[in-house]
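What follows is one structure encoded as structure tokens, with my remarks underneath.
The numbers here are math on the coordinates, done by the rules we state, and not lab data. Note that the structure is a prediction, hence the values are computed from the model and not measured. Positions of Cβ are backbone-derived with ideal geometry, glycine not excepted, and every protein chain shown enters the neighbour counts.
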Amino acid sequence: MNISTRGRYGLRAVLDLAVNYSERPVTLSAIAARQQLSEGYLEQLMVPMKKAGIIASTRGAQGGYYLAREPQDILVGDVFRALEGPLALVACISEEKTERCQRKDICGSAFIWSEIQTAISDVLNKYTVADLIDREYQLDACKELKK
């Protein structure tokens with residue numbers, strides 16, 4: 001199982017915005033430069049995060065992106081779900097539960113997939129963006145994210 005670049009890069013962008021949370025909006029080019037990411041790719045990630053209410057933006061000369069909520073109110077799981085969709089280790093136990101597996105009642109391995117998915121979901125929902133920023137400060141990594 002791999003987490004795509006959408007989730008990883010999107011989380012990096014949100015962390016960048018969180019470090020600069022009390023400042024004015026942050027331009028996409030500034031985030032891209034600090035995170036060493038393509039500005040075009042980063043722009044694609046902002047759309048679903050705006051729809052999910054994680055970030056917001058303003059236009060104009062002083063425009064840019066900013067967090068729509070306090071860092072302690074944004075779960076890491078919120079970011080991943082906005083960018084990756086609902087957690088679905090296997091289709092029969094997707095968070096959306098749109099499919100009902102015909103073998104669910106006789107599947108000897110379903111409980112394993114469910115337990116793994118629950119563990120992943122619990123970890124993603126255990127930590128907030130504020131928790132990750134605290135960790136960045138402990139690692140002395142935030143100075144590179146400041147404007």
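In percent, what relative contact order does the chain have, based on Cα pairs under 8 Å that are 6 or more apart in sequence? Please report the intermediate quantities before stating the final value.
On the way: 169 pairs, mean separation 43.2, N = 147.
Relative contact order, the chain: 29 percent.
Can you put Cys92, Cys101 in order, fewest other beta carbons within 10 Å first? Don't jump to the answer; show the numbers that get you there.
Working: Cys92 17, Cys101 13.
Lowest count first: Cys101, Cys92.
Calculate, for Tyr127 and Lys51, the FRET efficiency according to 1/(1 + (r/R0)^6) with r their C-beta to C-beta distance and R0 25 Å; round to the nearest 0.05. Could you put the intermediate results ahead of the total?
Details: r = 22 Å, r/R0 = 0.89.
For R0 = 25 Å, the calculated efficiency reads 0.70.
Go ahead and set up a Gaussian network model of the chain, Cα springs under 10 Å, then flag whichever of Arg59, Arg135, Arg69 fluctuates most.
Among Arg59, Arg135, Arg69, the largest GNM mean-square fluctuation belongs to Arg59.
Can you give the calculated 222 nm mean residue ellipticity of the chain, where each DSSP H run of n ≥ 4 adds -39,500 (n - 2.57) and the sum is split over every residue, rounded to the nearest 500 deg cm²/dmol?
-15000 deg cm²/dmol
How would Asp16, Asp73, Asp105, Asp122 line up from fewest to most surrounding beta-carbon atoms within 10 angstrom? Present the calculation step by step, with values, prior to reporting the outcome.
Values: Asp16 25, Asp73 13, Asp105 7, Asp122 10.
Lowest count first: Asp105, Asp122, Asp73, Asp16.
Roughly how many whole Å is it from the C-alpha centroid of the range 47-68 to that of the range 1-34?
12
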